[in-house]
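*Asks:* Take this structure first; my questions come after.
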Amino acid sequence: MADPSPLEIGLYCGSATPELAASVSAHLGVPLGGRLLRRFPDTEVHFQIEDSIRGKDIYIIQSTSQPVNDHIMELLIMADACKRASAGRITAVIPYYGYARQDRKVAPRAPITAKLVADLLESSGVNRVLTMDLHAGQIQGFFDIPVDNLYAGPTLRDHIARLELENLVVVSPDAGGVERARRIAKPLAAGLAIIDKRRSGPNQAEALHIIGDVRDKDAVIVDDMVDTAGTLTEAARSLMESGATAVHAAITHPVLSGPAVKRISVSPLEQVIVTDTIPLRPDAVESGKLHVVSVAGSIGEAIRRINNEESVSSLF
């Protein structure tokens, strides 16, 4: 693809999302840059760029998913290498931003780790951050550099539309996700429902009752991430008990920790649609209930617009 920008794009990736990085590369028509990324015997990360990147517009694609700390360290080391190689600008493309749920003090003497990660990224030489569906939008304010928060909603919405579900109702699993659910429901002319829940501890929630009409309708639960799947599967059971015909889910980030895959497999969920911001574990692929849609097009178009100094927000 011809590049009208005075800067030449350089794409690099870590070990977290190589398939997504390859898809972004194909979308842009820009090959991934040569690099050496390996571990020393004591597990220290070694990274070396094999191309000259002096003055180039560099994009490092790396989700900070499991193992979270290893992938964050990789990203910091890659950014530092680019800085010391005199890159013109370094953009960290972080499809899934780890530690986003630790965005405030929840107890005395507790850290705000999402802010710490932001500080580390800036210190490593990152000039801009491109991410997707931040768990908490205020994290953008933790940075003193530009942050573009993309939305997977249009990609998920298009797939939901292709399912041709009848009497569709989009369900938010909590009050905080209502705006996300509304953005999907409105273009589909679907109903909207909310699950009222109480959280008894980290990754522990009890669904209480449903606000909205779901009886004899196909319900789609919309959320930004699925971790242990306790909330998601409990919500699906509550919807079925309330008379829903079938329950699907559309989730941006398939974190899928611990018993998540097993819980989804034995739940009433028909299908869980997820994006490729995090690669699926082998058991998740084998479960047959998870379907992946790619956000490479959205990320690639955002990179192109950033490089050309065009609006990113107009994408949505």
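The values are calculated or read from the model by the stated rules, or taken from the named source; none is laboratory data. Computed from a prediction, not measured in an experiment: that's the story for all the values here. With ideal geometry, Cβ positions are generated from the backbone for all residues, glycine too; neighbour counts draw on all protein chains shown. Each accessible area value is taken on the protein alone, full model and side chains, heavy atoms only, with ligands, DNA and RNA left out. Shrake-Rupley method; radii C 1.70, N 1.55, O 1.52, S 1.80 Å.
*Asks:* How large, in percent, is the carbon and sulfur part of the accessible surface of the chain at a probe radius of 1.4 Å?
*Replies:* 50 percent
*Asks:* Rg(Cα) of the stretch 228-316 divided by 2.2 N^0.38 Å?
*Replies:* So the Cα radius of gyration is 1.35 times the expected 2.2 N^0.38 Å.
*Asks:* So how do 292-300, 271-279 stack up, highest first, on mean other-Cβ count within 10 Å? Working shown, then result.
*Replies:* On the way: 292-300: 20.4, 271-279: 23.0.
Descending mean neighbour count gives 271-279, 292-300.
*Asks:* Something else: With an 8 Å cut-off on Cα pairs and a minimum separation of 6 or more residues, tell me the relative contact order of the chain in percent.
*Replies:* Details: 654 pairs, mean separation 44.4, N = 316.
Relative CO of the chain lands at 14 percent.
*Asks:* On to the next question. Taking the Cα centroid of the stretch 4-82 and of the stretch 89-138, what is the distance between the two, rounded to the nearest whole Å?
*Replies:* Taking the Cα centre of the stretch 89-138 as reference, the centre of the stretch 4-82 is 18 Å away.
*Asks:* Further question on the same structure: Would you mind getting the accessible area per residue of the stretch 58-209, heavy atoms of the protein chains only, 1.4 Å probe, in Å²?
*Replies:* Result: 47 Å² per residue.
*Asks:* A follow-up question, please. What order do you get for 137-146, 80-89, 217-226 when each peptide is scored by the mean count of other beta carbon atoms within 10 Å, highest first?
*Replies:* 217-226, 80-89, 137-146
*Asks:* Oh, and also: Local charge sum around Ala260 (other residues, Cβ-Cβ under 14 Å, Lys/Arg +1, Asp/Glu -1)?
*Replies:* -1
*Asks:* For the chain, give the magnitude of the charge dipole about the Cα centre (Cβ charges: +1 Lys/Arg, -1 Asp/Glu; no others), in debye to the nearest 20. Don't skip to the answer; put the middle values down first.
*Replies:* Values: 32 positive and 39 negative charges, 106 e Å.
Using Cβ point charges on Lys, Arg, Asp and Glu, the chain gives about 500 debye.
*Asks:* A follow-up question, please. Give the cross-link partners of Lys289 among the lysines, using a straight C-alpha distance below 16 Å as the criterion and excluding same-chain residues fewer than 8 apart.
*Replies:* Lys262
*Asks:* Let me have the relative contact order for the stretch 201-306, percent, based on Cα pairs under 8 Å that are six or more residues apart.
*Replies:* Value for the stretch 201-306: 23 percent.
*Asks:* Assigning unit charges at the beta carbon (Lys, Arg +1; Asp, Glu -1) and nothing else, what dipole magnitude in debye, to the nearest 20, does the stretch 48-127 show about its Cα centre?
*Replies:* For the stretch 48-127, the charge dipole is close to 380 debye.
*Asks:* Straight-line reach from Lys115: which lysines have Cα under 30 Å away, leaving out those fewer than 8 places along the same chain?
*Replies:* Counting by Cα, and skipping residues close in sequence, Lys115 has these lysines nearby: Lys56, Lys83, Lys105, Lys197.
*Asks:* What percent do you get for the relative contact order of the stretch 1-99 when only Cα pairs under 8 Å and 6+ apart count?
*Replies:* 30 percent
*Asks:* Taking P(r) over Cα pairs in 20 Å bins from 0, in percent as the quantity of interest, determine which of (1) 32, 55, 13, 0; (2) 33, 59, 8; (3) 31, 52, 16, 1 was computed from the displayed structure.
*Replies:* Only one option fits the structure, namely (1).
*Asks:* Please state the equivalent ellipsoid semi-axes for the stretch 80-171: what are the square roots of 5 times the Cα gyration tensor eigenvalues, largest first, in whole Å?
*Replies:* Semi-axis lengths for the stretch 80-171 are 32, 21, 8 Å.
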